[in-house]
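S.K.: Following this message is one structure expressed as structure tokens.
The values are calculated or read from the model by the stated rules, or taken from the named source; none is laboratory data. Note that this is a predicted model, so its numbers are computed, not measured. Note that we place each Cβ from the backbone using ideal geometry, even for glycine, and neighbour counts take in every protein chain shown. Areas reflect the complete protein model, heavy atoms only, side chains present, ligands, DNA and RNA absent. Shrake-Rupley method; radii C 1.70, N 1.55, O 1.52, S 1.80 Å.
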Amino acid sequence: MISQVFAAMMGTIAFSLLFGVPRKYYIWCGLIGGAGWAVYVLASGYVSGAGASFAATVVVIFLSRAAAVGNRCPATIFLISGIFPLVPGAGIYWTVYYLVTEQLGLAVYTGYEAVKAAVAIVLGIVFVFELPQGLFRCMAKAFVKIPSCRPFGEKSS
């Protein structure tokens, strides 16, 4: 599993380079992608592939938003790169392969699994993006001084 997580980190950093992420964020992108893949591998032993994709996506998006607040940059920088190892590219490839070779039963099965994983990723993104930004600001307060962080309901002076 450690080699898989390391490979996911390196793949995420390589994708970050292609995506045009500033150099100072490469390590963050790699750590977030590796964490997502670690959660995916661990969750795969207990739930379906779509469930593991959902759990890993929640972790990736949560870490992406936290890193964005801590580094004061857009969450998209970390989100797009970090989600890269979870995208069901092989499932889509095999679906098309089975369609071309006229193995329709396998094509339906792999296509359905790929769509389930893609929907789980989308739901994970939506779920975490619905959390209020103030939550991430206050969490980051322990690491970075952010002037606008105050407890919920307290008025600014």
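S.K.: Report every pair of residues separated by at least 6 positions or lying on different chains whose Cβ atoms are under 9 Å apart, first residue within the stretch 95-123 and free of Cβ contacts under 8 Å to residues at least 60 places away in the same chain, second open to solvent by less than 90 Å² (accessible area, probe 1.4 Å) and of a type in the set (D, E, K, R).
M.R.: Within 9 Å, the pairs are Thr95/Glu113.
S.K.: Further, regarding this structure: If I ask for residues that are of a type outside the set (Gly, Ala, Ser) and open to solvent by less than 50 Å² (accessible area, probe 1.4 Å), which ones from the stretch 36-69 would you list? Before the answer, list the steps.
M.R.: First pass over the stretch 36-69, keeping only residues of a type outside the set (Gly, Ala, Ser): 37, 39-42, 46-47, 54, 57-63, 65, 69.
Correct list: Val39, Val41, Thr57, Val58, Val59, Val60, Ile61, Arg65, Val69.
S.K.: Further question: If you take the residues in the stretch 70-96 that are among the aliphatic types (A, V, I, L, M) and under 16 Å from Gly49 (Cβ atoms), which one is most open to solvent (accessible area, probe 1.4 Å)?
M.R.: Among them, the one singled out is Ile92.
S.K.: If the Cβ limit is 8 Å and pairs must be 6+ apart or interchain, which residue in the stretch 25-49 that is under 24 Å from Tyr109 (Cβ atoms) pairs with which residue that is open to solvent by 60 Å² or more (accessible area, probe 1.4 Å) and basic (Lys, Arg)?
M.R.: Listed by first residue and then by second, the contacts come to Ser48/Lys116; Gly49/Lys116.
S.K.: Filter the stretch 1-58 for residues that are more than 16 Å from Ile80 (Cα to Cα), small (Gly, Ala, Ser) and part of a helix (DSSP H, G or I) and give the result.
M.R.: Those that are more than 16 Å from Ile80 (Cα to Cα), small (Gly, Ala, Ser) and part of a helix (DSSP H, G or I): Ser3, Ala7, Ala38, Ala43, Ser44, Gly49, Ala50, Gly51, Ala52, Ala55.
S.K.: Let me ask you something else. Which count do you get for residues in the stretch 97-133 that are β-branched (Val, Ile, Thr) and either touching a Phe, Trp or Tyr at 6+ places or on another chain (Cβ under 7 Å) or open to solvent by less than 80 Å² (accessible area, probe 1.4 Å) (or both)?
M.R.: So in the stretch 97-133, the residues β-branched (Val, Ile, Thr) come out as 100-101, 108, 110, 115, 119, 121-122, 125-126, 128.
Filter once more, so that each one left must be either touching a Phe, Trp or Tyr at 6+ places or on another chain (Cβ under 7 Å) or open to solvent by less than 80 Å² (accessible area, probe 1.4 Å) (or both): 101, 110, 119, 121, 125-126, 128.
Summing the residues that are β-branched (Val, Ile, Thr) and either touching a Phe, Trp or Tyr at 6+ places or on another chain (Cβ under 7 Å) or open to solvent by less than 80 Å² (accessible area, probe 1.4 Å) (or both) in the stretch 97-133 gives 7.
S.K.: Can you work out which of the residues in the stretch 18-31 that are surrounded by 13 or more Cβ atoms within 10 Å (Cβ to Cβ) and not hydroxyl-bearing (Ser, Thr, Tyr) is nearest to Ala67 (Cα to Cα)?
M.R.: Out of the qualifying residues, it is Trp28.
S.K.: For the stretch 69-89: of the residues being part of a helix (DSSP H, G or I) and free of Cβ contacts under 8 Å to residues at least 40 places away in the same chain, which is farthest from Ala7 (Cα to Cα)?
M.R.: Residues of the stretch 69-89 part of a helix (DSSP H, G or I): 69-71, 76-86, 89.
Still in the running and free of Cβ contacts under 8 Å to residues at least 40 places away in the same chain: 76, 89.
Numbers: Thr76: 22, Gly89: 16 Å.
Per the stated criteria, the residue is Thr76.
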